[in-house]
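Heads up, the thing below is written out as structure tokens.
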Amino acid sequence: MILEREGKILFGRRCNSEWMNNMYMLPAGHLDGGETAQVALAREMKEELDIDIKIEDMQVVHTMHRKSSEREYFDIFIKVSKYSGVPKINEPDKCDDLSWFALNELPQNVTPHILDPLKFISEGVFYSNSGF
């Protein structure tokens, strides 16, 4: 999810994880099955950040077909224009910091697979491949 405020994007720092521990990434999640990407996003953001999002306030801004060493993914980047609540760490066992960063002031420890899509989004590019 891409959540902007005053020209900055919300990132969470992963903790207690075998994958990308201590790295900042966009709030994200996985499909549980039997749900659309929008329903999954709303559910995940309620679970992770304790915010409520309506489907009509979501816009797909990029899709990336990504191949890692273990499997392939389709990452759907959805920008959220409105939400209710105040984002907070709702899963402290998975995230130990929430911070807002401008794209030109990202920390060094950002998960690398989101850097190109963020650049593409700013350029209006809607699809990319990674790892092929």
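The values are calculated or read from the model by the stated rules, or taken from the named source; none is laboratory data. Source: prediction; values computed, not measured. We place every Cβ from the backbone using ideal geometry, glycine too, and count neighbours over all the protein chains shown.
If you go through segment 1-49 and keep only what is free of Cβ contacts under 8 Å to residues at least 24 places away in the same chain and either under 24 Å from residue 105 (Cβ atoms) or assigned to a loop (DSSP other than H, G, I, E, B) (or both), you end up with 18, 19, 21, 29, 30, 31, 32, 33, 34, 35, 36. Do we find that residue 96 is surrounded by 12 or more Cβ atoms within 10 Å (Cβ to Cβ), over 15 Å from the mean Cα position of the chain (by Cα) and among the charged types (D, E, K, R) in this structure? Considered against the rule, which asks whether it is surrounded by 12 or more Cβ atoms within 10 Å (Cβ to Cβ), over 15 Å from the mean Cα position of the chain (by Cα) and among the charged types (D, E, K, R), residue 96 comes out as yes.
Among the conditions (1) free of Cβ contacts under 8 Å to residues at least 40 places away in the same chain; (2) surrounded by 12 or more Cβ atoms within 10 Å (Cβ to Cβ); (3) of a type in the set (Gly, Ala, Ser), residue 69 misses just one, which is (2).
Among the residues making up segment 27-46, those that are among the small types (Gly, Ala, Ser), in contact with a helix residue (DSSP H, G or I) (Cβ under 9 Å, 6 or more places away or on another chain) and at pLDDT below 95 are 28, 29.
In segment 15-31, which residues are surrounded by fewer than 19 Cβ atoms within 10 Å (Cβ to Cβ) and under 23 Å from residue 58 (Cβ atoms)?
To start, the set of residues in segment 15-31 that are surrounded by fewer than 19 Cβ atoms within 10 Å (Cβ to Cβ) comprises 15-22, 25, 28-31.
Answer for segment 15-31, where residues must be surrounded by fewer than 19 Cβ atoms within 10 Å (Cβ to Cβ) and under 23 Å from residue 58 (Cβ atoms): 25, 28, 29, 30, 31.
Residues that are of a type in the set (S, T, N, Q), closer than 18 Å to residue 38 by Cβ and out of contact with any Cys (no Cβ under 8 Å at 6 or more places or on another chain): does segment 67-86 have at least one? Checked against the condition, which is being of a type in the set (S, T, N, Q), closer than 18 Å to residue 38 by Cβ and out of contact with any Cys (no Cβ under 8 Å at 6 or more places or on another chain), segment 67-86 yields at least one hit.
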